[in-house]
Structure formats: C-alpha cells, structure tokens
Amino acid sequence: YMCQFARSYPLGALRSFIETDAKLLTPSVQKITDELQSLNNMIFTQEPLAQIQSSDNKEIVIVQEPLAQIQDVVQTVAAVYQVPIEDMEKLFLASPVARINWASHVILLNSSLPLGVDYWYMKQSVEMGWSSNVLKMQIESKLYERQINSHKVNNFTATLPAPQSDLANYLLKDPYIFDLAGAKERADERDIEEQLVKHVTRYLLEMGNGFAFVARQKHFQIGDSDFYADLILYNIKLHAYVVVELKATPFKPEYAGQLNFYINVVDDKLRGENDNKTIGLLLCKGKDEIVAQYALTGYDQPIGISDYQLSKAVPENLKSALPSIEQVEEELTMLLDNEKNRQK
C-alpha cells in the first residue's frame, strides 16, 4: 500500500491538487467537472524511484542506519525534481493527501478511482470530517456520480444570483439515498419523515455539507387555515432556509405549487434580514425530468426536484437467511410456553 500510495501521488499530482484547490474556492458543478476531468487526463511520467535507481544504476537497499538512508532517498528525489527538500515537505503537507487518515487512503487505493475523483473524495472527507467508514459508504453509494455527474432538475439559475445558484446546484444530489431500516416496503410520506427524523444524523450526512435541522411538520397558520411543512433545514454555506417536501409517489406538477407556497411562507415567517432566499427541495419516488422542468417554468422561487431511494440496513442477499418477524414471534411463544410448563 505504501508503494502504491507513492506511485499514485507523485509531486506533480500534489502540485495539481493544490492548484485545483485554489480554483475551486467557490464550487460549481461545471467548474468541478472541468477541473476533475483535467486531473483525470494528466499523466505523470516521472517516477522518482525509477529515476533514483537509474541514476546510481542500482537499487537502494535500506539495511543499516535507516534514518540516514531515508534522508539520502529524500535528497535524491528532491534533486530529481529540482525542488528543495523543505519545499517538498510543504507541498505534501499543503495537499489534501496529507489531511486524511491512512485507513481512508487504503479505501481510496482499493477503489481504483480516477485521479480527479480520488481528489474530490479526499476534499469531501476533509471538509465534512468523514471517518474512513463513512468515506467507504459514500464511495459505494456513488456520491460523486449523484452529486457531480447527474442531470439535476431545478430553476436555481433563473431564481438565484450567480454565486448562490452555483453552490445550490452543486449541493443538490439526484437521487438521495436514505438508509431507513425501519421503513415499510411501501412507505408513505409520514413513515419516511418519521424515520428521517429518528435517524437525523444519517439524514443530514446524506443531505450534505452545512445542513442543520430546524423543524419537522412546522405549523403555520395562514388566514383561517393550518399548514404543516414536512421538514425545514438551514444551510450554513448558503445562508438560507431549505424547505423539504417528501412525496411517496412519482412527481406531479401540483407538487411544485405546494412547495412554492411553503417557500413563500418561510420567507415571510422565518427568514431574517441576513438570510438569503429560501430554497425548496422536492423529494419524490421518481420523476419524468421533462415534466418536472416544465413544472418549474414560471416560478420565481428556487426549487430543486430530486428522486430518493430507501436503502435498507439488511442487504437483499441476506434477507432469506434471516428469520421473519412471524418466525421470531413463534419461537418466543414456544420458549415462554416451555418455561411455564417447566415451572408447573
């Protein structure tokens, strides 16, 4: 793994990571796609170890005084790249490579991701404080494809100023994947909502960076009527409230109108003078993208529409090996009957 690590991130790659960092201070999907594709296409031809070996025409074998030998290797590598040793250390420490733990690096090395995607997952790990287990889960759920590569349905460009619309579009995913072990096979909105709130930490992790939970079934009295918004979040990066409406059915145009209504209410009742425009997120059990895009035309409020999937904690291939609830209840009843007979 150490050898693979050294081959994967030569000095040229570290330099490119740092340069990419500087360009992505304000992220947008297009900018990130372009920069990561540029990283993917880079070919780093210099292999320090091979150059060191060819310069001496022999392999370096560390047998005695390892520290001195390692220092010799570092000096030789610095000479090959014509970089002072101090600059090499600074270059390494300034890159995302140095800011995640070794267990996370092993996961990335095993995943064999393109260099640009590798870099993106490192950046996400640093910014969101992921453990190695969370990183593995995000790679397996194809977070990069859902957040960067997917075609997203929203009207953010038409309803938000440029920096905020780019960031809102970048943070949007399609689909969202919620791990709800207790959800029914045919879960309704309230059951999904109950599970999301119950597992609020996992829910916010899936929502992405900077989201904070505000309220569930938030009550608003408008005129003589009572209304309840499913979920209200706040995004610290966007400085904006986010109203989430959950639908257990495929998208219908009237859902956009309902969400637009809640955005207007939150803007009026909750939004402060330092908050940006409230954003709406409609999560549906599937959608026709053309119908959804038509439905958003004409709305002045920013709305995004995404699919969601319910990921059960028990994998499908293990379900057949586990007892059903009925079988467990039957076994417990038998045990209780046997205990009663024994006591008699």
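Numerical summary
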quantity: Order by protection proxy (mean Cβ within 10 Å, highest first), peptides 7-15, 167-175, 125-133, 281-289; calculated: 167-175, 281-289, 7-15, 125-133
quantity: FRET efficiency for residue 40 and residue 217, using Cβ-Cβ distance with R0 set to 30 Å, rounded to 0.05; calculated: 0.10
quantity: Cβ-based exposure ranking for 211, 5, in which fewest neighbours within 10 Å come first; calculated: 5, 211
quantity: Cross-link table 31/285; 123/277; 23/123, entries beyond 24 Å C-alpha to C-alpha; calculated: 31/285; 123/277
quantity: Amide H partners (placed H, <5 Å) of residue 208, local residues excluded; calculated: none
quantity: Pairwise FRET efficiency - residue 258 versus residue 93, Cβ, R0 = 45 Å, nearest 0.05; calculated: 0.35
quantity: Karplus 3J(HN,Hα) series, Hz, for the range 117-125 with 6.51 cos²θ - 1.76 cosθ + 1.60 (x for Gly, Pro); calculated: 5, 3, 4, 4, 5, 4, 4, 5, 4
quantity: Amide H contacts of residue 275 (H built 1.01 Å from N, under 5 Å, at least 5 apart or other chain); calculated: none
quantity: Cα-projected label distance for residue 23 with residue 127, points at 7 Å along beta-carbon direction, nm; calculated: 1.6 nm
quantity: 3J(HN,Hα) from dihedral phi, the range 227-242, Karplus parametrisation 6.51/-1.76/1.60, rounded to Hz, x for glycine, proline; calculated: 10, 9, 7, 4, 9, 10, 10, 10, 9, 5, 5, 7, 6, 8, 6, 10
quantity: Derived scalar couplings ³J(HN,Hα) [the range 304-310; Karplus, 6.51 cos²θ - 1.76 cosθ + 1.60; whole Hz; x for Gly, Pro]; calculated: x, 10, 9, 7, 9, 10, 9
quantity: Residue exposure sequence - 241, 308 - by fewest surrounding Cβ within 10 Å; calculated: 308, 241
quantity: For residue 177, distant residues with modelled amide H under 5 Å away; calculated: 309
quantity: Fewest-first sequence of 24, 259 by Cβ atoms within 10 Å of each Cβ; calculated: 24, 259
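No value in this document is a laboratory result; all are computed from the given coordinates. Just so we're clear, the structure is a prediction, and the values are computed from it rather than from any experiment. As a convention, Cβ positions derive from the backbone with ideal geometry for all residues, glycine included, and neighbour counts pool all protein chains shown.
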